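Here is the structure we will look at, set down as structure tokens.
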Amino acid sequence: MSKNYLFSLTITPIQSFIAQAKTTKDFYSGSQIISNLIQELLKQFPCKDDIIFPASNSIISNKIIARIAIEKQEELIEKLQKTMKAFLPLKALCNGMELKSKSPELQQLENVFQLFYSSVEITGYKESYFEVEKNLSIIKNMRLFNQISSKNICYVCGERESFCQDKNEKNRCTVCYTKSRYESESYLSTAGIASLYYRQKLDNTLYERYKENFYHFDEALLYEENLKEDYLKKHHHLNNKNIEEIKKQLQSLSKEKPTKQYVLINFDGDNIGKILSNGLDNIGKILSNGLDNIELETFHREFSTKLSTFSQAVNKIISDEKGRVIYSGGDDFLCFVTPYYLNEVLDQIKESFENNVNTYQEKISYSIAITISHYKAPLHKIIENSRALLKATKAKYSSKSKLIKGGIGIEVYSSSSLLAKFIGDYNEFTLLKQFDGKKINLYSLEQLFSFAKSDMQYSEYLLIINMIKLELKRFLGRREIGFSDDEVAKIQQLLIAQVNRNYSIDLDNFFGFFKTVEQLSKDNNE
């Protein structure tokens, strides 16, 4: 009788590979490469029903769990290794790149991804799962790191030696060059994301006529600030037309102007690894030692299906008119959204997660980083900042804190700097919506709290709590601000709740809330 083994596999890098991008083209292509690679790896498994996680090849998951017969294991590993090693070189060759055998260019493409796997005989699913994951963790920690050359470094990833130049004569490694040439699905520039809602309201005939003014059109040309001779020549847009006439034609498209901001949403489920290990019981009985053998495997298959359903829902929510999904892994996703649809998208995501994933008595939380940026801000910096914000949000709502998990971080950027930052829970975030259009005098607010210290302890706070509540009510109740008594009470509750949870006043975050209100209330078309 054939013995069955539990096989666990992970691929790295995933998120960092996608994040290595200078343009949205790089960003989309990185995601498309990972998605296509995972689909090819899943095809190598002899039987689809043996795959426990993920439930669908339509999501980007760096973890695969499957049952494998002992006699098929060696053949499977060989196929997986060959598929992964040959994937990028084949794509590069299809895009016209010349690759010589054993050349450093070829080696870059062959070695960019690492595959780690472990397998154990299934004696009991729960015990085997814990053992295979423990072994996999040890193997990953023993991985080798390639030393980075100090010369001719790729300007995109900043890691690998450059062997190519892109159309702008920038040095790229073969990996990042392949990204730039990869046939990804339709993508938009940051200006394209920012102007989505504006373009939906334009007369299509007039819009198409406007685009005919340029050799190469991109949505940055919907912003009058870019209709300058030096910009048009630099980007090869000019079509021997009078620039002043082009400006008049742009102005005739609409009385309104497109917003200059776009939104990057970074979503990640909390403690998914622990959930896979211990399981959640759908009938409300949480077992102290986790689920038993049959139940844990059933849970893994069920939970995988739920995550896949949620991933598909995310792709429907972020429709072409609202933004673009960069990647969706079931328990995490990254997407662009045009600001007009931000609140609608967040509400739909919350509803979908509750309906498709959070059907257990023991609830699953998630963290979100929302980065609102000017379309001219360097994309790679915004991506880095988004990842850092998600990490900070998770840290604030970690198991070590007194806060209930599930935070939302929000940052607002100009073309060159951070303007506002706030991290709160979902209820605190929804308060931002209620203050749309309110005029806040931040200087007056900061003067009001000039007596307070950022590290003020709870005992000190208790002495002045009534003073703070009274002054806050007086400030927010001013006629020029226009808050109702109910809104004032909610803001007071926000501060009091924050203090009671942390036993100190986080003034930076408190002021960050109002700075965010101020930035979101501005007209960002100018």
**Message:** Placing +1 on the Cβ of each Lys and Arg and -1 on the Cβ of each Asp and Glu in the chain, which of Leu296, Leu389, Ser417 has its Cα farthest towards the positive end of the resulting dipole?
**Reply:** Ser417
**Request:** Search the structure for amide H atoms under 5 Å from the amide H of Phe163, placed 1.01 Å from N in the peptide plane, and list their residues when 5 or more places away or on another chain.
**Result:** Arg172, Cys173, Thr174
**Item:** C-alpha center-to-center spacing [region 246-272, region 307-340] in angstrom
**Value:** 16
**Complete:** Sorted by chain and number, the residues with a modelled amide H under 5 Å from that of Leu419, at a separation of 5 or more or across chains, are Val412, Tyr413, Ser414
**Fill in**
For region 192-206, in residue order, the Karplus 3J(HN,Hα) values (coefficients 6.51, -1.76, 1.60; θ = phi - 60°; whole Hz; Gly and Pro = x) are x, 5, 4, 8, 3, 5, 4, 5, 5, 9, 7, 5, 4, 5, 5
**Item:** For region 4-181, size of Cβ-based charge dipole, Lys and Arg +1, Asp and Glu -1, in debye
**Value:** 620
**Request:** May I ask you to evaluate 6.51 cos²θ - 1.76 cosθ + 1.60, the Karplus curve with θ = phi - 60°, for each residue of region 216-231 and list the ³J(HN,Hα) values in order in whole Hz, giving x for glycine and proline?
**Result:** 10, 9, 9, 5, 4, 7, 8, 10, 4, 4, 9, 7, 10, 4, 5, 5
**Prompt:** Only one of the listed values, (1) 2.20; (2) 1.10; (3) 0.93, was derived from the coordinates as Cα Rg over 2.2 N^0.38 Å; which label is it?
**Reply:** (2)
**Fill in**
For Asp332, the residues 5 or more places away or on another chain with a placed amide H closer than 5 Å to its own amide H are Gly269
**Asked** Using θ = phi - 60° and the Karplus form 6.51 cos²θ - 1.76 cosθ + 1.60, what ³J(HN,Hα) does each residue of region 261-276 get, whole Hz, x for Gly and Pro?
**Response** 10, 10, 10, 10, 9, 10, 10, 8, x, 8, 6, 5, x, 5, 5, 5
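Laboratory data are not the source of any read-out in this text; all were calculated from the coordinates shown. The shown structure was predicted, so the numbers you read here are calculated from the model rather than taken from an experiment. We place every Cβ from the backbone using ideal geometry, glycine too, and count neighbours over all the protein chains shown.
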